[in-house]
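The structure appears right after this line, and notes come after that.
The values are calculated or read from the model by the stated rules, or taken from the named source; none is laboratory data. Just so it is clear, the model here is predicted, and its values are computed rather than measured. Ideal geometry is used to build each Cβ from the backbone, glycine not excepted, and the neighbour counts take in all protein chains shown.
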């Protein structure tokens, strides 16, 4: 074995010994010490007061003031809100027996001359059959979709749901 290999093997052994020391011995010394796991509330309050005073003393232009105001506002609508069960859009209409049932139009896509609607989470083009209820998409616009019942031919207009 050459000198270079002996040096590399020696460095590797030193690294292993140091790793074993850190893993087993050094860790055992810290077991009896209690560590501060939570943030210091008083420090956080002092930091908040300091930030608020710096902001009030800062010379902000209109754009910066607007950004700061928007960042500190409460959300009007929770972005993680779970939608309630879908409403039956045929409610109040006579029961047709083969109607499309519950429909929710939640998206509109226009790519070139192709228009697509997202109904109950699935994409449809004009003329395609719905997987749920067997209705057929007759027309698509940004504000509403017209769906025709497969059994009765009744046309139901489904508004866009935000």
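Scanning segment 134-162 for residues that are in a loop (DSSP other than H, G, I, E, B) and either at pLDDT 90 or above or within 30 Å of the chain's Cα centre (by Cα) (or both) yields 141, 142, 143, 161, 162. Among the residues making up segment 100-121, those that are surrounded by 12 or more Cβ atoms within 10 Å (Cβ to Cβ) and either part of a strand (DSSP E or B) or outside the structural domain of residue 153 (by TED's automatic domain parsing) (or both) are 105, 106, 107, 108, 109, 115, 116, 117, 118, 119. Among the residues of this structure, residue 52 counts as one that is at pLDDT below 85, in a helix (DSSP H, G or I) and over 30 Å from residue 118 (Cβ atoms). Taken over segment 108-137, the criterion of being without any contact (Cβ under 8 Å) to a residue 12 or more places away in the chain and touching a strand residue (DSSP E or B) at 6+ places or on another chain (Cβ under 7 Å) is satisfied by 114, 127, 128, 131.
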